[in-house]
Amino acid sequence: MNNIITRRTIRIANWIKSHFLGTHAFSSIHQMINRRTIVQLAVGMALGAPSLTGFAQQSITLRFHTFMSPMSNVWVSMNKVWMEKVQRESDGRIRFEAYPAMQLDGAPVQPYDQARDGVADIVWTLTGYSPGGFPCSEVFVLPFMTTNAEATSKAFWEFIKTKASNEHKEVHPIAVQVHRPGMLHTRDRLFEAPYDLRGLKMRGPTRQTTKMLGYLGANAVGMPLPKIPDALQKGPLDGCVIPWDVVPSVKVHELTKFHSQFDPGSGALYTTTFVTATNKRKYESLPPDVRKVLDPNSGITASASLGRAHQCGDDPARKLVEARGNVTHNFGQVEAQEFRRAASQVEVEWVKDMESRGFDGRDLLSTARALIEKHTKTTKT
């Protein structure tokens with residue numbers, strides 16, 4: 001017992017010296033406090049309390065990991081802003097070690113598994129990088145399913161809580177979201193009609209979007225976002241589908257010449273689903289006061305905020321495209337209907353696939369649409 005108290009005394013004495021005697025505030029009384037005084041204070045604390053909690057709370061550091069570039073809109077306007085808000089509201093009790101661009105090691109498709117396994121404490125990642133892992137949530141990436149990112153992100157959160165709660169049971173979800181309506185970017189050919197993609201090698205972010213590109217006649221390939229620049233520059237890609245705000249981070253405005261987008265009232269050609277997730281064991285081990293800061297920065301409010309931030313990156317990307325003299329084509333609602341018909345088989349197959357897995361695909365589809373409609377009506381854009 002005496003050895004335990006001695007070791008604790010030494011630790012506390014060192015802590016007192018490093019946290020107080022070396023600070024400017026205590027410089028004037030530094031000479032007044034001798035070694036015996038420090039030891040007496042440390043012994044009293046060691047005997048009177050099992051830790052320093054009552055004297056001063058230590059900060060908790062969480063490792064935040066993602067595949068996104070440190071220059072991307074996602075990292076600058078979403079991930080960093082969220083971390084700074086949490087840190088500020090915790091009065092420094094929560095701190096983050098930030099690792100963009102897979103700096104914590106691993107491949108771009110691995111962050112979700114890293115959150116599950118405890119390699120990272122919190123991650124932001126694309127759920128489509130885990131094919132088949134989120135079958136119910138895939139309803140949100142079906143062609144022409146979503147409206148604006150903020151409203152659809154709120155609908156997505158409500159959906160996973162009511163219809164797909166088991167899909168994130170291995171982690172503690174902080175937020176889910178979608179990006180702005182996705183669009184097409186091609187290197188050598190302007191895309192003006194549904195089947196202009198015939199024979200082109202096009203990158204898709206998820207299996208459902210890749211299927212859709214295939215039904216439009218493209219040679220569709222799945223590929224993580226960070227691999228796009230090299231594949232466009234050296235082959236094999238002729239184009240890709242990504243939203244406007246991601247364009248600068250992977251230099252698509254420099255590597256393609258043509259951009260095709262849909263009228264906002266026509267719906268989204270496609271979108272992608274994302275999740276911000278915490279390691280479950282790590283979250284459950286956090287003190288109550290820390291959870292009281294994390295929890296209000298989670299859920300439907302955080303999901304809406306992240307979706308809204310996705311939308312704010314569109315205009316800067318468009319300006320970069322215009323500055324290079326690239327061509328942008330706008331599809332109207334009549335053209336959008338042609339795309340809907342060409343891509344409708346994706347939805348039919350998804351419903352059948354869900355039913356073969358024991359899910360009510362039609363119910364999931366109608367629920368998602370109803371939630372998107374509800375939140376679109378109440379969300380200002």
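Per-structure values
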{"item": "Two-site FRET efficiency, residue 59 against residue 193, from Cβ-Cβ distance with R₀ of 45 Å, rounded to 0.05", "result": "0.20"}
{"item": "Kirkwood Rh, angstrom, the chain [1 / mean 1/r, Cα pairs]", "result": "23.0"}
{"item": "Dipole-positive endmost among 290, 303, 253 within segment 222-381 (Cβ charges, Cα centre)", "result": "290"}
{"item": "Paramagnetic reach from residue 254 in segment 173-214 [backbone N under 19 Å; point 7 Å along Cα→Cβ]", "result": "185-188"}
{"item": "Two-decimal ratio, segment 96-166, of alpha-carbon radius of gyration to 2.2 N^0.38 Å", "result": "1.25"}
{"item": "Segment 228-270: translational diffusion in µm²/s, Stokes-Einstein, Kirkwood Rh over Cα pairs, 20 °C, 1.002 mPa s", "result": "188"}
{"item": "Principal-axis tilt of helix 35-48 within the chain, Cα atoms, nearest 10 degrees", "result": "70"}
{"item": "Once the Cα gyration tensor of segment 112-243 is diagonalised, semi-axes √(5λ) in Å", "result": "29, 18, 12"}
{"item": "Two-decimal ratio, segment 321-381, of alpha-carbon radius of gyration to 2.2 N^0.38 Å", "result": "1.64"}
{"item": "Segment residue 360-residue 324, length gained on full extension (0.36 nm per residue, minus Cα span)", "result": "8.2 nm"}
{"item": "Unsatisfied cross-links (Cα-Cα over 21 Å) in the set 257/319; 161/374; 161/280; 161/211; 85/292; 80/163", "result": "161/211; 80/163"}
{"item": "Segment 285-357 - Kirkwood radius from inverse mean 1/r over Cα pairs (Å)", "result": "17.4"}
{"item": "Computed E for residue 166/residue 337 - FRET, C-beta separation, R0 51 angstrom, nearest 0.05", "result": "0.90"}
{"item": "Sparse-neighbourhood loop sites, trypsin sites (Lys or Arg not before Pro) in segment 281-381 - DSSP loop, at most 14 other Cβ within 10 angstrom", "result": "324, 357, 380"}
{"item": "Mean Cβ neighbour count within 10 Å, used as a protection proxy, ranking 179-186, 115-122 highest first", "result": "179-186, 115-122"}
{"item": "Where the Cα pairs of segment 156-226 fall when distances are cut into 5 Å bins, in %", "result": "3, 14, 19, 17, 15, 11, 9, 9, 3"}
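We did not get these values from a lab; they are worked out from the coordinates using the rules stated. Quick caveat, the model's predicted, so the values are computed rather than measured. Using ideal geometry, Cβ is built from the backbone for each residue, glycine included, and neighbour counts are taken over all protein chains shown.
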